1. How many percent of Cα pairs in region 35-85 exceed 12 Å?
2. Full-extension gain between Lys73 and Glu170, please, as 0.36 nm times their residue separation minus the C-alpha to C-alpha distance.
3. Give me the Kirkwood hydrodynamic radius of region 3-173 in Å, from all C-alpha pairs, to one decimal place?
4. Multiply the residue separation of Glu122 and Val145 by 0.36 nm, subtract the distance between their alpha-carbon atoms, and state the gained length in nm to one decimal.
5. Which ordering of Thr41, Thr50, Thr113 is given by a fewest-first count of other beta-carbon atoms within 10 Å?
6. If you take the alpha carbon radius of gyration of region 12-56 and divide it by 2.2 N^0.38 Å, what ratio comes out, to two decimals?
7. Counting only other residues whose beta carbon sits under 13 Å from that of Asp18, what net charge do I get with K and R as +1, D and E as -1?
8. Could you name the lysines whose alpha carbon sits less than 30 Å from that of Lys73, not counting residues in the same chain fewer than 8 places away?
Amino acid sequence: MNDEMRKEYCDIDEELSDLVGYASGLLIKNKLVIGFSESATGGLLSKLFTDRPGISACYNGSVCAYSDSVKNKILGVSKKAIEQFGAVSGLVAQQMAVGGRRALGVDICMSETGIAGPGGSEYKPEGLFFFGFSYTGEAESRMSVFSGSRDEIRKMAAKDVLIWLCEKLEAISSKEIL
């Protein structure tokens, strides 16, 4: 790894830490507790949150649902959604977020499901991710595509989840989301 690559790698680690700090501050301010339903990031979001001292004030835990059976049995993702749309889809991300809220007993659950690589297909390329957000029983999803190594893709996916979380928490703070 050359110096430039090492700097970029360290920069994203700092960005991730900063985003967790900002998000946790908003969660605490709004008296909200979060959890994650993770797949392709393999618990990275959980690690990022638990690296922060005092995080138990706003974080309950995570479900690392890497296999379809765990998505179904623990998070309640429907087998039909997985069969019809695939595990890497917006509907599955939404169902993971809703199921995570229930399983973890949290106010907000963010989820992710994706293809960190190697692999993928013409229709679902390497780097494709879907993220889910659930709060007050509602759920939505969004999609992103990343490129790079498996580790870089996973970190970029975590960064996207955290940026979206911060945006949602800012909206909650300003009462745009009830």
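1. Above the 12 Å cut-off, region 35-85 has 64 percent of its Cα pairs.
2. The Lys73-Glu170 span can extend by a further 31.6 nm.
3. For region 3-173, the Kirkwood estimate is 15.8 Å.
4. Taking Glu122 through Val145 to full extension adds about 7.0 nm, to one decimal.
5. The fewest-first ordering by Cβ neighbours comes to Thr50, Thr41, Thr113.
6. 1.13
7. Result for the neighbourhood of Asp18: -3.
8. Reachable lysines: Lys31, Lys47, Lys124, Lys155, Lys159, Lys168.
Since every read-out is calculated from the coordinates, none of them should be taken as a lab result. Small disclaimer: the values here were computed from a predicted structure and weren't measured. So basically every Cβ, Gly included, is an ideal-geometry build from the backbone, and we count neighbours across all protein chains shown.
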